[in-house]
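Input: a single structure, listed below in structure tokens.
The values are calculated or read from the model by the stated rules, or taken from the named source; none is laboratory data. No experiment lies behind these values; they were computed from the predicted model shown. Here Cβ is always computed from backbone atoms with ideal geometry, including for glycine, and neighbour counts include all displayed protein chains.
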Amino acid sequence: MEYSTSELCDLYTDMVDVVEPIFSHFGALSAFSGALVTVKCFESNGLIKNVLQQDGQGQVLLIDGGGSIRRALIDAEIAELAASNNWAGIVCHGAVRDVDLIEEIEIGIMALVSIPVGADDDTYGEENIPVNFAGVSFLPQDMLYADSTGIVLSAEALELVEDDESEDE
């Protein structure tokens with residue numbers, strides 16, 4: 001489904017939350033959407049790797065990295081893992097690295113900044129819990145929609161109204 005976050009905000013004003021504009025795009029795809037899987041970890045990406053080994057069809061991984069920009073939670077290896085396991089995208093409240101490589105990988109990735117220092121491989125953290133940052137509370141299974149304009153969140157899947165239904169005939 002093609003969508004515009006601006007149009008989703010216009011059509012579903014009372015049903016969406018708008019994430020504060022603190023993220024930049026790093027993956028090859030600027031638009032992605034899916035049901036949220038959440039991970040909360042700090043400067044360690046072992047749990048992220050474990051989650052991304054699962055089939056991510058129709059899902060977006062939302063990482064609460066505490067906003068740390070001292071170590072990159074996402075690198076090219078993790079982005080490739082996500083893409084190969086069908087994840088729609090990753091939103092990381094933290095940093096990425098390997099930016100030149102990541103921009104070639106067919107996945108949507110949004111993060112705060114890039115930094116060359118990698119995270120450690122410890123697997124501590126929490127999975128599928130509510131997290132809060134960027135002015136929004138993110139719940140597992142919420143629907144996230146991201147494009148070049150921004151990120152919106154909804155408790156349920158949103159559909160765009162087709163202007164020209166004759167295309168389906």
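Assorted remarks:
- Residues of the stretch 1-27 satisfying the condition of being in a loop (DSSP other than H, G, I, E, B) and among the polar types (S, T, N, Q): SER4, THR13
- So ALA83, is it surrounded by 13 or more Cβ atoms within 10 Å (Cβ to Cβ), within 21 Å of THR38 (Cβ to Cβ) and without any contact (Cβ under 8 Å) to a residue 60 or more places away in the chain: yes
- The single condition from (1) modelled with pLDDT of 95 or more; (2) surrounded by fewer than 17 Cβ atoms within 10 Å (Cβ to Cβ) that TYR124 fails is (1).
Every residue, every condition in (1) touching a residue at least 60 places away in the same chain (Cβ under 8 Å); (2) among the hydroxyl-bearing types (Ser, Thr, Tyr); (3) out of contact with any Leu (no Cβ under 8 Å at 6 or more places or on another chain), yes or no:
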residue: GLY56; (1), (2), (3): no, no, yes
residue: GLN59; (1), (2), (3): no, no, no
residue: GLY65; (1), (2), (3): no, no, no
residue: GLU77; (1), (2), (3): no, no, yes
residue: TRP87; (1), (2), (3): no, no, no
residue: ILE90; (1), (2), (3): yes, no, no
